[in-house]
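Before any comments, here is the structure.
The numbers here are math on the coordinates, done by the rules we state, and not lab data. Because the structure is a prediction, the values reported are computed rather than measured. Glycine gets a Cβ as well: all are built from the backbone with ideal geometry, and neighbour counts include every protein chain shown.
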Amino acid sequence: MLRVLVVDDDADLRLSVATALSENHYAVDQAKDGEEGVNRVRAGRYDLVLLDVNMPRMTGLEALKEIKAHDPSIIVIILTAFSNIRDAVEATKEGAYNYLEKPIKAENLVYLVDKALRARHMIRNMTLSAPVFKLPNGTDFIGQSTEMKRIFGVIDKLSRVDTAVLIRGESGTGKELVAQALHFNGPRKDNRFVTINCSAIPETLIESEFFGHEKGAFTGADSRKIGKFQYADGGTLFLDEIGDVSPAMQVKLLRALQEKKFTPIGSNREVEVNVRIVAATNRNLEEMIRKGEFREDLFYRLNVLPIQLPPLRERKNDIEALSRYFIDKFNQQYSKTISGLAPAAMELLQQHSWPGNIRELENVIEHAFVIENSAQLTVASLPDSLAGHAARPGLATRLGLEDEDEELDAAAGAEDAIALPVGGTADLGFTLDFGRLDFQANKEEFERRFLISALKAFKGRINQTALHANIPKKTLLRKLQKYGISARDYN
Ligand SMILES: Nc1ncnc2c1ncn2[C@@H]1O[C@H](COP(=O)(O)OP(=O)(O)OP(=O)(O)O)[C@@H](O)[C@H]1O
Ligand SMILES: [Mg+2]
């Protein structure tokens, strides 16, 4: 049974509220002021609190803050006289779900309580079915797809052990987030998470970066330096881009991993450390092993527990949740209130192959934010690269079942349809590339140049260009998108 607490100094009101809700199968308790209300919330388990604004000892607003601090999932509805409406509005900013104006009508009360609890139920189920790893740097690690939910399950298990983990996946798939999730979800979370980007450090400095050095150990070593292994003691050391470590350094690394100790450069004292190793790479280590570029023994030491992150194109179910997340993020960053993506824009995101994975998606959304002026992100605000991909011929075209240009051919009719304004120029001179006897390629090159010439002639004005070059406007826009041509460049 769902439990409700009514907090009000008016005994009659408490009674009538309690009666109405009990009749609708809620278990109701009462408190006569804010302080008693907060104490009861702390002691018991409530799903919803009805809170008066004006009360002795502790006001409703103060009580609201205490209740939300204790358990943010408790729904709070404010009960208020009309004269205190401003306080009620203030309260909704502090996390109250809504407010009811006194005198309170039983049916309004029951309706609002039902609705609030249903909403909470939905949100709870949603968070269960869309796991999010909250990372301490404020990043949410989103995963809506079956593939990512499985990976979240793996992260959850692996975060509790100390064994090395090797994270693999294409660039931008979230390898670094996995490494952080492993650390911050496990028992080492209060110690350091230290990253070494193995590809970014020059060969001459990498050993010192890993293991540290004594003062004067080599030219330029003018003070003692602690290495990252030691710095990460008790925590996690993330070896990013592990495939880029030189063979010489691989040997030293392997030894440190096996023995859990090492000797800083120029020192005669061994240092023992307790670090968990997480490594990541987007390179094909098996191939590198075959070519003798990566040590097999180091590979096996790191690859005890592998995590393979699928590319975004194989988990398109994540695109919507990720887009929503990035839109929220950039709304805050750019102080905008973009509500979401227009359906056609979402369609383009779904069709794209995302070679740069989530990093590319994040960049695309940010790009759209910078240029979008409406309340939604539209196709027009997406980068040309995306629009070009989207206009790739569908299956029917690829199989030759459909003439992609029916529309254009029908509309264009005769070859002399290009009507140039007086003084306009048509820069159509180009040699067909018969070195590549490819109809499709040559036709596309012709179209591209034709469109550019027409746009130049009509100063980038779409309606004029469509009219005079005798192309249906829809086709013109689609073609411009396909070839990544921006009409604005010609006005
Ligand atoms: N599931 C996700 N939820 C939210 N943000 C994500 C997710 N996956 C990746 N990102 C974001 O995408 C960007 C790229 O992720 P990350 O740096 O972890 O990728 P990577 O696999 O390490 O790439 P690289 O191989 O290029 O280093 C980051 O800004 C990251 O915050
Ligand atoms: Mg990375």
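Our compactness index for the chain, the C-alpha radius of gyration over the empirical 2.2 N^0.38 Å, is 1.37.
When 240, 114 are ordered from fewest to most other Cβ atoms inside 10 Å of their Cβ, what list results?
On the way: 240 19, 114 14.
Ascending Cβ contact count within 10 Å gives the list 114, 240.
Legend: Rg and Dmax of the stretch 140-308, from Cα coordinates, 16.2, 54 Å.
Within 10 Å, count the other beta carbons around each residue, average over each peptide in 33-39, 295-301, and list them highest first.
Working: 33-39: 20.7, 295-301: 16.6.
Going by the mean number of other Cβ atoms within 10 Å, highest first, we get 33-39, 295-301.
Relative to the current alpha-carbon distance between residue 491 and residue 270, full extension at 0.36 nm per residue lengthens the span by 72.6 nm.
Do you know the relative contact order of the stretch 140-308, to the nearest whole percent, from alpha carbon pairs under 8 angstrom that are 6+ apart? The partial results should precede the final answer.
Values: 288 pairs, mean separation 50.6, N = 169.
Reported relative contact order: 30 percent.
Enter the Cα centre distance for the pair the stretch 325-388 and the stretch 467-491, rounded to the nearest angstrom. Centre-to-centre distance over Cα atoms comes out at 22 Å. When 25, 213 are sorted by how many other C-beta atoms sit within 10 angstrom of their C-beta, beginning with the fewest, the order is 25, 213. The residue among 109, 245, 369 whose Cα reaches farthest toward the positive pole of the charge dipole of the chain, with charges on the beta-carbon of Lys, Arg, Asp and Glu, is 245. Ignoring lysines fewer than eight residues from residue 68 along the same chain, the ones with Cα atoms less than 28 angstrom from its Cα are 32, 93, 102, 105, 115, 134, 189, 329, 336. Relative contact order for the chain: 9 percent, from Cα pairs under 8 Å spaced at least 6 residues apart, divided by residue count. Computed over the stretch 248-320, the percent of Cα pairs more than 15 Å apart is 66. Entry for the stretch 3-128 at q = 0.09, 0.17 Å⁻¹: log10 I(q)/I(0) = -0.21, -0.79, Debye formula applied to identical alpha-carbon scatterers, no solvent contribution. Couplings 3J(HN,Hα) of the stretch 238-246, computed from phi: 9, 8, 7, 6, 4, x, 9, 7, 5 Hz, in residue order, whole Hz [Karplus 6.51 cos²θ - 1.76 cosθ + 1.60, θ = phi - 60°; x for Gly and Pro].
Under the rule of -39500 (n - 2.57) per DSSP H run of 4 or more residues, summed and divided by the residues of the chain, what mean residue ellipticity at 222 nm is obtained, to the nearest 500 deg cm²/dmol? Could the numbers behind the result be given before it?
Numbers: 21 runs with 225 residues, N = 491.
That calculation yields -14000 deg cm²/dmol at 222 nm.
For residue 100, the amide hydrogen comes within under 5 Å of the amide hydrogens of 78, 79, 80, counting only partners 5 or more places away or on other chains and with H modelled in the peptide plane.
Using only alpha-carbon positions in the stretch 250-387, the gyration tensor eigenvalues give semi-axes of 45, 19, 12 Å once each is multiplied by 5 and square-rooted (largest first).
Taking every DSSP beta bridge that has both ends in the chain, the antiparallel portion is near 15%.
Summarised in one figure, the compactness ratio Rg/Rh of the stretch 315-389, Cα atoms and Kirkwood Rh, is 0.92.
State, to one decimal in nm², a quarter of the convex hull surface area for the C-alpha atoms of the stretch 180-227, i.e. the direction-averaged projected area. Intermediate values should be presented prior to the final figure.
Numbers: hull surface 17.1 nm².
For the stretch 180-227, the mean projected area of the Cα convex hull comes to 4.3 nm².
The alpha-carbon of residue 459 sits under 29 angstrom from the alpha-carbons of these lysines, leaving out residues fewer than 8 places away in its chain: 443, 473, 474, 479, 482.
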